[in-house]
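Peer 1: Dropping a structure here in structure tokens format, bear with me for questions.
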Amino acid sequence: MTYFNNIDKIEFEGKGSDNPFAFKHYNPKEVVGGKTMEEHLRFAVAYWHTYVGNGSDPFGAGTALRGWDQYSGLDLAKARVEANFEFMDKLNIPYYCFHDRDIAPEGETLQETNKNLDIIVAQLKEQMKATGKKLLWNTANMFTNPRFVHGAGTAVNADVYAYAAAQVKKGLEVGKELGAENYVFWGGREGYETLLNTDMALEQDNLARLYQMAIAYANEIGFDAQFLIEPKPKEPTKHQYDFDAATTIAFLQKYGLKDHFKLNLEANHATLAGHTFEHEIRVAAINGMLGSLDANQGDLLLGWDTDEFPTDLYSTTLTMYEVLKAGGIGRGGVNFDAKVRRGSFESDDLFLAHIAGMDTFAWGLKAAVKLIDGNVLDGIVDNRYRSFKEGIGADIVSGKATLASLEQYALQNNPIKLESGRQERIKLVLNEVIYSV
Ligand code: XUL
Ligand code: CO
């Protein structure tokens, strides 16, 4: 069965095209910065938003019109698998990502739930073999079911913790079966609402224990995916433990887990934390922790996670700049953890939204390559820090300087000469680069 019959394969037509169902910038085989766009970007579809999301919000029912709505239960799950491969094929997207509960319905018992999962995993495997499409990552949904009301890996109840562990175990088996490149932990309800009833130390120790067990089990079954933690500062809990990249890295360091994980960074999570996406990527990169990206954008006028498709060229340019400077995204990719607006309820909107996201990222990639090739920002940064290359600055960097030697220098160095940071000028140059590609 096919679900997007009115849509043909989306092709690259270039900047002059006015066909809304064509790429203007994303040209998968075009080489920029030494690699094809396809290799740089490694796009992925998020199963939950694209095939499960229905446009409902706290004030109203779903609005989405989807060909698979006619089904329920396992039939619905099977229809979504078919829709997924048709969608990826038509958009030329190589990867997808899912939570266990996106792909198959829960049963009455964990046994039944796992059986449902096995049926769909077998179907996915067959389709992946037939199409060459790949799994960027899978994860366990340990936040939707009411049993996780007080957390999963940070549950207040050991029975819930055990259930979560069982879910992770199965998730690792599923990831192995489907050859997932990465396995994600997003701490959906790993946080708290009030300290008045919370043992923060125990919760965090337990979360680390769950990660240890996951590492051990992945080793045991020979699942060699890259483990990723996805930071988010708030939602659904008020205080999420994995607040941002820096907090998550500190947590991993504290528990001796740092070498086993990298980070899956999400743009809207960054802005909720009061950061830019590029800030989060830089923090990860300078700590050797850049793993993968969840591509979306928030609305800065709203204080919640709106998960819009990325259309902001500034952000995608600076994002891709950080990625390129970090040496690329490696085994990660650019996963559209983004949903069409409630008013964009037609199936065509799923295509138009992904085209917008892919073109915006391709444009950003091209601009970032230009920034690097033209030595635009590196030149500025190098010049700004040049005093650390020689004399007293070189002594500081090499570790030769002491407080006494610096005092001696400072006493005879008067006045200190400062230079402008030239921010406004640099931003204009950035504008020019973005609009020139
Ligand atoms: C929630 C979110 C998740 C993770 C995977 O904000 O981003 O969908 O990406 O659990
Ligand atoms: Co995400």
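The values are calculated or read from the model by the stated rules, or taken from the named source; none is laboratory data. Keep in mind that this is a model prediction, so the values were computed, not measured. Cβ placement follows ideal geometry from the backbone for every residue including glycine, while neighbour counts extend to all protein chains displayed. Remember, those area values only see protein heavy atoms, side chains included, never the ligands or the DNA or RNA. Shrake-Rupley method; radii C 1.70, N 1.55, O 1.52, S 1.80 Å.
Peer 1: Which of the numbered conditions does Gln423 fail, given that it passes all the others? Conditions: (1) surrounded by 10 or more Cβ atoms within 10 Å (Cβ to Cβ); (2) closer than 29 Å to Ile372 by Cα.
Peer 2: (1)
Each row is one residue, and each column tells you yes or no for (1) among the acidic types (Asp, Glu); (2) in a loop (DSSP other than H, G, I, E, B); (3) open to solvent by 100 Å² or more (accessible area, probe 1.4 Å); (4) closer than 21 Å to Gly33 by Cα.
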site	(1), (2), (3), (4)
Asp378	yes, no, no, yes
Val381	no, no, no, yes
Asp395	yes, no, no, no
Leu406	no, no, no, no
Tyr409	no, no, no, no
Ile416	no, yes, yes, no
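Peer 1: So the check is Cβ under 7 Å with 6+ separation or different chains; which pairs have a first residue in the range 28-48 that's open to solvent by less than 40 Å² (accessible area, probe 1.4 Å) and a second one that's within 16 Å of ligand 2 (Cβ to nearest atom) and of a type in the set (S, T, N, Q)?
Peer 2: The qualifying pairs are Ala44/Asn335; Ala46/Asn335.
Peer 1: Scanning for something more than 16 Å from ligand 2 (Cβ to nearest atom), within 19 Å of Lys232 (Cβ to Cβ) and part of a loop (DSSP other than H, G, I, E, B), does the range 305-324 turn up at least one residue?
Peer 2: Looking for residues that are more than 16 Å from ligand 2 (Cβ to nearest atom), within 19 Å of Lys232 (Cβ to Cβ) and part of a loop (DSSP other than H, G, I, E, B), one finds none in the range 305-324, hence no.
Peer 1: Here is a further query. Which one of these is away from ligand 2 (no atom under 13 Å from the Cβ), under 21 Å from Phe251 (Cα atoms) and either assigned to a helix (DSSP H, G or I) or open to solvent by less than 10 Å² (accessible area, probe 1.4 Å) (or both): Ala270, Ala284?
Peer 2: Being away from ligand 2 (no atom under 13 Å from the Cβ), under 21 Å from Phe251 (Cα atoms) and either assigned to a helix (DSSP H, G or I) or open to solvent by less than 10 Å² (accessible area, probe 1.4 Å) (or both) holds for just one of Ala270, Ala284, which is Ala284.
Peer 1: Follow-up question, since we're still on this one. What are the residues in the range 182-207 that are within 16 Å of ligand 1 (Cβ to nearest atom) and open to solvent by 40 Å² or more (accessible area, probe 1.4 Å), if any?
Peer 2: Scanning the range 182-207 gives Trp186, Arg189.
Peer 1: If you go through the range 231-251 one residue at a time, do you hit one that is aromatic (Phe, Trp, Tyr), open to solvent by 10 Å² or more (accessible area, probe 1.4 Å) and either within 14 Å of ligand 2 (Cβ to nearest atom) or in a strand (DSSP E or B) (or both)?
Peer 2: No.
Peer 1: Oh, and also: Identify all residues within the range 287-299 that are more than 14 Å from ligand 2 (Cβ to nearest atom), open to solvent by 10 Å² or more (accessible area, probe 1.4 Å) and touching a helix residue (DSSP H, G or I) at 6+ places or on another chain (Cβ under 8 Å); write none if there are none.
Peer 2: Selection gives Asn287, Leu290.
Peer 1: Here's a follow-up. Sort through Ala122, Ala164 and tell me the only one that's surrounded by fewer than 17 Cβ atoms within 10 Å (Cβ to Cβ), small (Gly, Ala, Ser), more than 16 Å from ligand 2 (Cβ to nearest atom) and closer than 24 Å to Gly53 by Cα.
Peer 2: After ruling out the rest, the residue left standing is Ala122.
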